[in-house]
Amino acid sequence: MKALRVLRTLNSSLSSNPSKTHFNSTIFLRFYSAQPQEDHPTSTGISSSEEEDTSSSVFDSSQYDVGVGLNNDVNSKSSVSSTWDEKYRERVKTKVFGEDPSEIKSSRILIKEEEKRRRAALLARTLLEAALDRPDEEGDENKEDELVKEEDQMSLSVGIIGAPNAGKSSLTNYMVGTKVSAVSRKTNTTTHEVLGVMTKGKTQICFFDTPGLMLKKSGFPYKDIKARIESAWRSIDLYDVLIVIFDAHRHLTKPDSRVVRLIERMGSEANPNQKRLLCINKVDLIEKKKDLLKVVEEFKDLPGYERCFTVSGLKGAGVKDLTKYLMEQSVKRPWDEDPFVMSEEVMKNISMEVVREKLLHYIHQEIPYGIDHRLMDWKELRDGSLRIEHHLITHKISQRKILVGKNGSKIGRIGIEANEELRTIFKRNVHLMLMVRVKS
């Protein structure tokens, strides 16, 4: 009887409060309503697949946090705060998961301290690399900072030619001290003449990096349909000094008779108003010294060349002697470029070269050579930052899909690395936009 009375009591209590639950749903509603919900997109004339495809083909650096090193302060100010409220998250952890609030706060403090230590270490490493970079030039800093009168200025124009992948761009970048020309392991990376300027004391040297040249087996230049190669051949006699560079490591491992004929032809067609130098490049890849001496003995007595230098355009070996010789060959004439301010035209060329270098690194076969690369917009904003917009135009939809990648992964990687390198070169914030489209 007692059991029957208990069952009747429970039944009556449940029927009187049928909606009563063990948990209060409003508490959970307050806890999890801090995260805003996205509205459902309204239907338009464009399908969802087309919208996703179009959005993934555009890279905008403002959507990514790509600043490192000296740009951390800029990015920390412009970064968008999280959309949730931390106090709601703490309450959920304490009341639902039973975590100690003091432990939560201490863990957050430890994370912030670790982030500060990481940023401090990165800044210290960046400053140390800048201090150790080119120690042989520290003594010339005071001279470079002084203004040189126009009547005391010395100038020299240097053209750098050679076969494809001989290391012309690497040597140009090292001598100038910054990235001005794209560098890649693929052939025909440089598609047009690139200018790089080095100023020391009262002397300014303008380096002209040219596209790779090659001869046929008959000894005559290729009749390339592209005008840039013909322009490079025509401009050979326009420089004060002509540097003919070739890859010594490739000459030992896989010799090419066309490269030898190119070197011999440049020496035989010497210009009396121009000095020509032979640079044996990539000596850092040669392990045995006797192999390097064999290459030097083979080319040191060629007619038409004033001097022969052994250099490494990537590591910098032998570049100091080459620079010293070029400084001695400078003539008395006004400078062509401002040594203290990078001109807008040079900056535009650098942005094109940096993006092209990343394209060649991530896109393979013939696709990067067929892309029409255009600089569409260049604007300096009020805060000193730059807004740069590039359009990459392909001839086929299939090429566009390869360049964009899955969900825009490939064009995103290209844009992130290019934007990061441009910030380092220009020493300011850069907003890079890359748009991939098919030629109409």
Margin query: Among the residues of region 240-248, are any open to solvent by 10 Å² or more (accessible area, probe 1.4 Å), of a type in the set (Val, Ile, Thr) and either in a helix (DSSP H, G or I) or closer than 26 Å to Ser155 by Cα (or both)?
Written below: no
Next item on the list: Those residues that are without any contact (Cβ under 8 Å) to a residue 40 or more places away in the chain and in contact with a Gly (Cβ under 9 Å, 6 or more places away or on another chain), I need them from region 307-355; list them, please.
Entry: Phe309, Ser312
Next item on the list: Restricting attention to helices (runs of 4 or more DSSP H) lying wholly within region 73-152, give those where 2 or more residues are open to solvent by less than 60 Å² (accessible area, probe 1.4 Å) and modelled with pLDDT of 70 or more.
Entry: 86-95, 101-132
Next item on the list: Scan region 299-343 residue by residue and report those that are among the small types (Gly, Ala, Ser) and either touching a Cys at 6+ places or on another chain (Cβ under 9 Å) or open to solvent by 60 Å² or more (accessible area, probe 1.4 Å) (or both).
Entry: Gly313, Gly318
Next item on the list: Kindly establish whether Glu353 is surrounded by fewer than 20 Cβ atoms within 10 Å (Cβ to Cβ) and acidic (Asp, Glu).
Entry: no
Next item on the list: Give, as residue ranges, the strands (runs of 3 or more DSSP E) completely inside region 360-440 that count at least 1 residues that are among the acidic types (Asp, Glu).
Entry: 372-380, 386-394
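The values are calculated or read from the model by the stated rules, or taken from the named source; none is laboratory data. Everything quoted here is computed from the prediction, not taken from an experiment. With ideal geometry, Cβ positions are generated from the backbone for all residues, glycine too; neighbour counts draw on all protein chains shown. Heads up: the accessible areas ignore ligands, DNA and RNA and are worked out on the full protein's heavy atoms, side chains in. Shrake-Rupley method; radii C 1.70, N 1.55, O 1.52, S 1.80 Å.
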